[in-house]
Amino acid sequence: MRTVIGPMFAGQSGWIGKLLDGATAELVAGADAQDDCAVFRASGPMEIVVGSDYVRGPKFQLYESGHLSNFDIGYYLATANLSDIAAMGALPIALLTVVRYPRSLSDADFAAVMAGIDAACRAVGTVNVGGDIGTAERIILSGSAVGIVEPGGALLRTGARPGDRLCVTGPTGLAASAQRYFGAAGPGAGALAAEREDELIASWRRPRALVPQGRALSASGVVTSCQDTSDGLKAGVQSLAAASGVGFVVDEEALPVAGLVAEVAALTGGDVTATVLGDSVDFQLVFTVPPDGFARLPEDLAFHEIGHATEERAVVLRRRDGTVEDLPGVPWRHEV
């Protein structure tokens, strides 16, 4: 299998990541060097950000049903890890992956997984520096991403204060809508036009790690807390609340709703607001900023103000009619 992917790693040594203050991390020995580990040379002050995530092959519903290819799940694995780096406001400098596969997997299918990983790294300007490759009883994918950020620039979950405004970089609920639609309607059911189905499944096939947005939030110096919505928007808001010791009022009227989310909800009998807030892995960034900090955010940064932080530690939804209730939707919860 190494001979299949060798060309993907060729020439990556010498790659350089550069922070706004001029600090650099140079890849001295990448996967192309075929050493036991990659080697970086750091120059200048910086903080290191590291995260890890795991993706299943079998039991991954859309993969098993044929809607996602081997390339797609490789791409998804990389994005899931790189999104965590983005949420910290950091610049990704490396991705390490574990790719385990059954002996029955063809060289072409294996290469497709690796090509997907490589493509997702290239999409955010970083490199896959290697990891572990070997056999297993099924496809098992795991990754670890490494990033760097200016000293004091990491975006944590712990800084929100009462009065801060709650914001999100874009609509959520698309990934959950894709699962609901393809699970309920079945492959090729045609309830949506083919191009709309393609747009819907793209939330899984080509998710985006919002690295430029995370970097912009960090550089602004006014963001008080941040995380991605990989566990759903509701889970993200609840996590910020718990870590910062505040509550939030989320305004239903302010939630951005993608047209596809509303269409799928109508087709499948779903609740739009619950879908937007629930366990949808959309990789948006949810963050807080003081009211007087908006002027320091970049003018070209797209985001939606969806609520505000409160002293009372409840996390609630204010409906369009003014009534207040617990946030609807089911957040993703990690088993412990």
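The values are calculated or read from the model by the stated rules, or taken from the named source; none is laboratory data. Keep in mind the model is a prediction, meaning the values are calculated, not measured. No Cβ is skipped: glycine too gets one built from the backbone with ideal geometry, and neighbour counts run over all protein chains shown. Note: accessible area is taken over every heavy atom of the protein model, side chains too, but ligands, DNA and RNA are not part of it. Shrake-Rupley method; radii C 1.70, N 1.55, O 1.52, S 1.80 Å.
Please tell me if Arg138 is modelled with pLDDT of 90 or more and not in a strand (DSSP E or B). Break it down into steps so the answer makes sense when it comes.
Values: modelled with pLDDT of 90 or more: no; not in a strand (DSSP E or B): yes.
It is false that Arg138 is modelled with pLDDT of 90 or more and not in a strand (DSSP E or B).
For the stretch 278-297, enumerate the residues that are assigned to a loop (DSSP other than H, G, I, E, B), over 14 Å from Gly170 (Cα atoms) and out of contact with any strand residue (DSSP E or B) (no Cβ under 8 Å at 6 or more places or on another chain). Break it down into steps so the answer makes sense when it comes.
So in the stretch 278-297, the residues assigned to a loop (DSSP other than H, G, I, E, B) come out as 278-284, 290, 297.
Imposing the further condition that a residue be over 14 Å from Gly170 (Cα atoms) reduces the set to 278-279, 290, 297.
Selection gives Gly278, Asp279.
Determine if the stretch 131-144 includes at least one residue that is surrounded by 17 or more Cβ atoms within 10 Å (Cβ to Cβ), in contact with a helix residue (DSSP H, G or I) (Cβ under 6 Å, 6 or more places away or on another chain) and within 30 Å of Ser220 (Cβ to Cβ).
Checked against the condition, which is being surrounded by 17 or more Cβ atoms within 10 Å (Cβ to Cβ), in contact with a helix residue (DSSP H, G or I) (Cβ under 6 Å, 6 or more places away or on another chain) and within 30 Å of Ser220 (Cβ to Cβ), the stretch 131-144 yields at least one hit.
Conditions (1) at pLDDT 95 or above; (2) assigned to a strand (DSSP E or B); (3) open to solvent by 50 Å² or more (accessible area, probe 1.4 Å), marked per residue:
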{"position": "Ser13", "(1), (2), (3)": "no, no, no"}
{"position": "Gly17", "(1), (2), (3)": "yes, yes, no"}
{"position": "Gly22", "(1), (2), (3)": "yes, no, no"}
{"position": "Leu27", "(1), (2), (3)": "yes, yes, no"}
{"position": "Phe40", "(1), (2), (3)": "yes, yes, yes"}
{"position": "Ile48", "(1), (2), (3)": "yes, yes, yes"}
{"position": "Gly51", "(1), (2), (3)": "yes, yes, no"}
{"position": "Leu68", "(1), (2), (3)": "no, no, no"}
{"position": "Phe71", "(1), (2), (3)": "yes, no, yes"}
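Which pairs do you get when a residue that is aliphatic (A, V, I, L, M) and in a helix (DSSP H, G or I), found in the stretch 74-101, comes within reach of a residue that is at pLDDT below 95 and open to solvent by 30 Å² or more (accessible area, probe 1.4 Å), reach meaning Cβ atoms under 6 angstrom, with the pair 6+ apart or on two chains?
Listed by first residue and then by second, the contacts come to Ala80/Asp53.
Consider the stretch 102-130. How many of its residues are surrounded by fewer than 17 Cβ atoms within 10 Å (Cβ to Cβ), touching a residue at least 12 places away in the same chain (Cβ under 8 Å) and more than 17 Å from Pro207 (Cβ to Cβ)?
So the answer is 4.
Are any residues in the stretch 11-31 over 17 Å from Gly125 (Cβ atoms) and more than 27 Å from the chain's Cα centre (by Cα), and if so, which ones? Talk me through it step by step, then tell me what you get.
To start, the set of residues in the stretch 11-31 that are over 17 Å from Gly125 (Cβ atoms) comprises 21-22, 28-29.
Listed by number, the residues that qualify are Val28, Ala29.
Provide a single number: the residues in the stretch 275-296 that are open to solvent by less than 10 Å² (accessible area, probe 1.4 Å) and over 19 Å from Asp231 (Cβ atoms).
Within the stretch 275-296, the first condition is being open to solvent by less than 10 Å² (accessible area, probe 1.4 Å), and the residues that meet it are 276-278, 280, 283, 285-289, 293.
So of that shortlist, the ones also over 19 Å from Asp231 (Cβ atoms) come out as 289, 293.
Final tally of qualifying residues: 2.
Could you tell me which numbered condition Asp292 fails, if it satisfies all but one of (1) within 22 Å of Arg157 (Cβ to Cβ); (2) touching a residue at least 24 places away in the same chain (Cβ under 8 Å)?
(2)
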